[in-house]
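Every read-out reported here was derived from the displayed coordinates using simple, explicitly stated rules and does not represent laboratory data. This structure is a prediction, so every number in the text was calculated from the model and none was measured.
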Amino acid sequence: MTDRSDNFLQGPLAGKLFRFAMPEAFTIICEQLVNGTDVLVLGQFVGLWASSL
């Protein structure tokens, strides 16, 4: 393993910030896909009953 540390205090910040934020962005996108799929699938089973509440 190489000795690599992300030092946010030295050097350019944009690339480090992008690399730091990518896992969070990926997680949010996956969560939205799961929630949207859940709405589509459960909407088929629940139907109009859920919209009348």
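For the range 34-44, 3J(HN,Hα) computed residue by residue from phi via the Karplus equation (6.51, -1.76, 1.60; θ = phi - 60°) reads 5, 5, x, 5, 4, 5, 5, 6, 5, x, 5 Hz, glycine and proline entered as x.
Here the 3J(HN,Hα) profile of the range 12-19, calculated from phi with Karplus coefficients 6.51, -1.76 and 1.60 at θ = phi - 60°, is x, 8, 4, x, 5, 5, 4, 5 Hz, Gly and Pro shown as x.
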